[in-house]
Structures are given as C-alpha cells and as structure tokens.
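The values are calculated or read from the model by the stated rules, or taken from the named source; none is laboratory data. In this text, all values refer to a predicted model and were calculated from it rather than measured experimentally. In this analysis, Cβ positions are derived from the backbone assuming ideal geometry, glycine residues included, and neighbour counts consider all displayed protein chains. What goes into the accessible areas is simple: the full protein's heavy atoms, side chains included, and nothing from ligands, DNA or RNA. Shrake-Rupley method; radii C 1.70, N 1.55, O 1.52, S 1.80 Å.
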Amino acid sequence: MTLARNLLKAKIATGAMVTGTLAMDMRAPAYVHLLADAGFDSIFFDLEHGVYDLPMVADLIGTTRLCGITPIVRVPDLRYGDIARLLDAGAQGVMIPRIDTAAQVEEAIRHIKYPPRGDRGAASVRGATDYHEVPPRELISHMNNETLVIIQIERAQAISNLDAIASVPGVDVLLVGPYDLAIALGAPSTTDPIVTAAMDQVVDAGKRHGVTTGTHASDPAILKGWHAKGMNMMLCGSDLRFLQTGAKAMLAGLR
C-alpha cells in the first residue's frame, strides 16, 4: 500500500503560496467539502480556541483526508498526549502556539517525530495510516518525512529568539499570530508599525534559515502584502468569519 503524502508540505517545498483556514466551531463534514471545493490547500482545526474534542476532530480530519486536502491541528499547548493522539488520528501537521524558545521547539520536535529524531510512540491501523497495517520502519520513515511542523510566533520573546527557533532542524514553518503579537508588543492593532517591524524580522529569519513563513488574516489584501514580502503560508479567516461576512454581505445587498 501507499501511505498518503502530505500535499501541503510538498507544495511548500516548491516555494509556492499555500492556503489554509481555521476551523473552530463548524462540526459538519459538509463544511470540509465546501472548503475543498473552494480550493483551499489545508484546514487548520483549532483546539486552542475552538470547541472541538478528540472524537469530533478525528472525524473531521478523516473527511479532510478523503477530500484530498491537508488536515492540520493547532494544539492547545505543548503536551505530548495532545500531539500524539491527533497525529495518530490522521492530522498531517501540527501548529504549536506560544513558542518562545529553541528549547520549546526541540521539545515539540521530540513529541512529533519518531526515533531517532524524537520519542513519539508508534501506532498503526490508525487514521494516520488510513487504517492499514504498516511495517514499523516504513511508518517511521514516512511520518518523520511527511509531518509538517508549524511554530507560532506570538510574543516578544519569540521575536528576540527568532534565529535560534528557526535553526532547529525539523521546523517547516514560522507562522505569526498577529493578534497575540500585537497584544504582546502593546500595539493598538495588528497593522501597527511595531507589529509590522516584528513580522518583517520573522520573514528575514525564515529566509536566513530556509524556513517558510506565514501569517493569518481575514483581509486578502493584508495577506497579499505579506506574500509580496516573502511569506508563503496564508491562513485565511475562519469558519465563523466566513459565516459572519457572508451573512452581512447578503443583508447589505438586500437592503
């Protein structure tokens, strides 16, 4: 059998722009199909701020895999149990929030990767293998190569430690959380010059270390601006934002 490739990671490797969106409250498989039909490369299931529990998100991850796009999870914290169980359920990447130091990144890599790079425990006949039995050596090689590691940059200490964070082997993406970063820097908005300057530092660190960078916004003009500066992972809006924006636009047009 052939294990599923991480299409998002493969596209990132080409240097192309990739897209995703946060799913926080929507629980219907139909929502996943709609996002796939819209052309998104990935869905980020948010277990930090969203309402999902493990059985619920495991079902949505399975649907996402069947739709041919990449399921990513944002875990609530840097805990092995959360990371391992979600990867076993079939998530093809992990986004870890509130990372400030290279030591935290090393811990994350240990939780995500199998030996010899990490210490993740192995399980076959799970969502990650589409419920097939896989020989241990094949499982370890495939998952270590295909699982995407996304580190969120959200606080002032992370900005100070960018080079150390980006230089840890195994980091695929540095993704800025602009709302939390603005709060951490005491800025009044995510477009304040102090936030922009910090995000510029993230882009530069990514270029120095060969790590993809990205950010999250609901305004496509903001995302296009950061893409022009060198960011390639564009995390666009969320399920609730899409519903809110579409509802308001419909009523505005009617009235």
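Using bins of 5 Å that start at zero, the share of Cα-Cα pairs per bin across segment 109-255 amounts to 2, 9, 15, 15, 14, 12, 12, 10, 6, 3, 1, 0, 0, in whole %.
Think of segment 1-79 as a dipole: +1 on every Lys or Arg Cβ, -1 on every Asp or Glu Cβ, centred on the Cα centre; then among His33, Asn6, Leu54, Asn6 lies furthest on the positive end. Please list log₁₀ I(q)/I(0) at q = 0.10, 0.21 Å⁻¹ for segment 1-110, using the Debye equation with identical point scatterers on the alpha-carbon positions. Results for segment 1-110 at q = 0.10, 0.21 Å⁻¹ read -0.28, -1.19. The label point for Tyr131 and the one for Lys224, both projected 7 Å from the Cα toward the Cβ, are 4.4 nm apart.
If a/c stays under 1.5 just call it rounded; otherwise compare a/b with b/c (prolate if a/b is bigger, oblate if not). Do that for segment 62-105, with a ≥ b ≥ c from the square roots of the Cα gyration tensor eigenvalues.
In terms of gyration-tensor shape, prolate.
In straight-distance terms, cross-link reach from Lys224 covers every one of the lysines whose alpha-carbon lies under 25 Å from its own, apart from those fewer than eight places away in the same chain; here that gives Lys9, Lys11, Lys207, Lys248. Sorting 30-39, 14-23 by their mean Cβ neighbour count within 10 Å, with the most densely packed peptide first, gives 14-23, 30-39. The magnitude of the dipole of segment 134-240, with charges of +1 and -1 set on the Cβ of Lys/Arg and Asp/Glu and taken from the Cα centre, is near 220 debye. Placing +1 on the Cβ of every Lys and Arg and -1 on the Cβ of every Asp and Glu, with no other charges, gives the chain a dipole of roughly 380 debye about its Cα centre. Each residue of segment 40-57 was assigned a 3J(HN,Hα) from its phi angle through the Karplus curve 6.51 cos²θ - 1.76 cosθ + 1.60 (θ = phi - 60°); the sequence is 5, 7, 7, 10, 9, 7, 9, 9, 7, 10, x, 9, 6, 10, 5, x, 5, 6 Hz, with glycine and proline shown as x. Shape analysis of segment 186-255 places it in the prolate category; the axes a ≥ b ≥ c from the Cα gyration tensor give an a/c of at least 1.5, with a/b above b/c.
Within the straight-line cut-off of under 12 Å between alpha carbons, the aspartates and glutamates reachable from Lys229 are Asp200, Asp204, sequence neighbours fewer than 8 places apart in one chain being disregarded.
Classify the chain: rounded, prolate or oblate, from the alpha-carbon gyration tensor (a ≥ b ≥ c, eigenvalue square roots; a/c under 1.5 rounded; otherwise prolate if a/b is larger than b/c)? Judged from the Cα gyration tensor, the chain comes out oblate (a/c at least 1.5, b/c at or above a/b). Using a Gaussian network model of the chain in which every pair of alpha carbons under 10 angstrom is joined by a spring, one finds that among Gly170, Gly81, Gly90 the greatest mean-square fluctuation is at Gly81.
Using the Cβ-Cβ distance between Ala156 and Val51 with R0 set to 30 Å, the FRET efficiency works out to roughly 0.50.
Solvent-accessible area per residue for the chain at a 1.4 Å probe radius, Å²? For the chain, the solvent-accessible area averages 45 Å² per residue. As a fraction of the 1.4 Å probe accessible area of the chain, surface on carbon and sulfur atoms comes out at 57 percent.
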